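All remarks here apply to the structure that follows.
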Amino acid sequence: MNMEFTRKLPIPMDIKEKIPLTANMTGTFWQRRKEIADIFEGKDDRFILIIGPCSADSHEPVLEYLSRLAVISEKVKDKIFIIPRIYTNKPRTTGEGYKGMLHQPNPEDRPDMLQGIISIRQLHFSALSDYGFTCADELLYPENHRYISDILAYVAVGARSVENQQHRLVASGLDIPVGMKNPTGGDKSVMFNAITAAQHPHTFLYRGWEVHSTGNKYSHAILRGYTDFAGKYVSNYHYEDLLEVNDMYAKRELLNPSVIVDCNHANSGKKYYEQPRIAKDVLHSIRKNPDIRKLVKGLMIESYLVEGCQKVGGGVFGQSITDACLGWEDTEKLILDIAEEL
């Protein structure tokens, strides 16, 4: 085999015992879990906003961002339920480049997966302990979910992973919302196949065990746009797209029909500054059609302290080292504007 087995990693229980939640933190986790579930089940009409950096590259700027987000969250809490993005895994199309905090706790050092596991748990721990946030992360490596399964509010399966059997089956065994992104080629039926698989029970292999899942009734669609045959970005957040998704849900008779609209990626043509316009377009669709209002549970926004992006080692505190993001001033204005329009 062309692999060097460097070291055996601790099992999730060992990491959880080293960085345990307090009783108060566990209580906050379960309270937020219930509130999010109520939104997806239509029992709570607040709007979800999954917002934060493209990738969480360092503790200090992410926690500074969360400190500001906590203040604005309190102002809009009657209308908006904020789930911060703490994305510690970064998918890479070619496998090259920075792969996230899990791989490199320090983006300028070589990969260290053990320290990465510890680092991502510590960051999610701080978000909950210091600011009362349970956050969102990407389910890039399903086998690693259990290291932070007691602290996460939401996970997303990315456009490149949504066709993968292991992602779908593991999603069926989680008890938090799992968003399935449409694939990079845009075929919504692929996304719906993933949602269907995740909502049903399965028997499969996971972390060396034969396991049986009961299905995840909160598995749902994330619309992130796509790339066409000519390599051009095509958006799929428009009124007609949302009606089509609503019809696809009805035909498949799935539980809790829900959509999160990703305002960046192919929907914005990777023009991060278009996110506020896209958000307001979705809000317009919601106001025009009660079926769309019932379907669309929220938005996903990429933002950080400083707008744009930089290369690894650029030295700008709170600026993305992956995809470009909105800066804080535009973020704060956008959140307040969304609350005003709801």
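Read-outs: derived from the displayed coordinates by stated rules, not from any lab. The structure presented is a predicted model; accordingly, all values stated were derived computationally and were not measured. Counting neighbours? That spans all protein chains shown, and the Cβs are built from the backbone with ideal geometry, glycine included.
Non-local amide H neighbours of Phe133 (under 5 Å, H modeled in plane, Pro and chain starts lacking H): which ones?
Leu128
If you add up the charges near Met25, with Lys and Arg at +1 and Asp and Glu at -1, over every other residue whose beta carbon is less than 14 angstrom from its beta carbon, what do you get?
Surrounding charge for Met25 is +2.
Candidates (1) 34, 22, 19; (2) 28, 24, 21; (3) 31, 23, 20; which is the computed semi-axes √(5λ) of the Cα gyration tensor in Å?
Working out semi-axes √(5λ) of the Cα gyration tensor in Å from the coordinates points to (2).
List the residues whose amide H sits under 5 Å from the amide H of Gln319, counting only those 5 or more places along or on another chain, with H placed 1.01 Å from N in the peptide plane.
Those qualifying (amide H under 5 Å, at least 5 residues apart or on another chain) are Val306.
Which trypsin sites (Lys or Arg not before Pro) does the stretch 285-322 hold that lie in a coil by DSSP with at most 11 other beta carbons within 10 Å?
Here the trypsin sites (Lys or Arg not before Pro) that fit, given the DSSP loop and packing criteria, are Lys311.
Can you list the HN-Hα couplings for the stretch 144-156, worked out from phi with the Karplus curve (6.51, -1.76, 1.60; θ = phi - 60°), rounded to whole Hz and with x for Gly and Pro?
8, 4, 5, 5, 9, 5, 8, 9, 7, 9, 7, 10, 10
May I ask which residue of Ile117, Gly97, Met191 lies farthest towards the positive end of the charge dipole of the chain, with charges of +1 (Lys, Arg) and -1 (Asp, Glu) on Cβ and the Cα centre as origin?
In the chain, that residue is Met191.
So for Phe229, Phe133, fewest C-beta neighbours within 10 Å to most, what's the order?
In increasing order of surrounding Cβ atoms, one gets Phe229, Phe133.
What is the set of long-range amide H partners of Ile48 at a cut-off below 5 Å, with H atoms built 1.01 Å from backbone N?
Excluding prolines and chain starts, which carry no amide H, the hits are Phe81, Gly298, Leu299.
So what J values fall out for the stretch 43-50 if you push phi through Karplus, 6.51 cos²θ - 1.76 cosθ + 1.60 with θ = phi - 60°, rounded to Hz, Gly and Pro as x?
Using θ = phi - 60°, the values come out as 8, 9, 8, 5, 9, 7, 10, 9 Hz.
Of Lys188/Lys333; Lys217/Lys251; Lys43/Lys75; Lys16/Lys270; Lys270/Lys311, which ones are farther than 28 Å apart at the Cα?
Lys188/Lys333; Lys16/Lys270
Could you pull out every one of the aspartates and glutamates with an alpha carbon less than 15 Å from that of Lys99, ignoring same-chain neighbours closer than 8 positions?
Within reach: Asp57, Glu108, Asp109, Asp112, Asp137, Glu138, Asp323.
Relative contact order, percent, of the chain when contacts are C-alpha pairs under 8 Å separated by at least 6 residues?
16 percent
Order these peptides, 79-88, 140-149, by their mean beta-carbon neighbour count within 10 angstrom, highest first.
Going by the mean number of other Cβ atoms within 10 Å, highest first, we get 79-88, 140-149.
Where nothing but the Cβ of Lys and Arg (+1) and of Asp and Glu (-1) is charged, how large is the charge dipole of the stretch 12-341 around its Cα centre, in debye to the nearest 20?
420 debye
Calculate one ³J(HN,Hα) per residue across the stretch 292-304 by plugging θ = phi - 60° into the Karplus curve 6.51 cos²θ - 1.76 cosθ + 1.60, and present them in order as whole Hz with x for glycine and proline.
With coefficients 6.51, -1.76 and 1.60, one gets 5, 4, 5, 6, 7, 8, x, 10, 10, 10, 9, 8, 8 Hz.
Can you give the net charge of the other residues whose Cβ lies under 14 Å from the Cβ of Glu163, counting K and R as +1 and D and E as -1?
Net local charge, Glu163 excluded: +3.
Any chance you could check the Cα centroid distance between the stretch 225-239 and the stretch 141-178 for me, in angstrom?
25 Å
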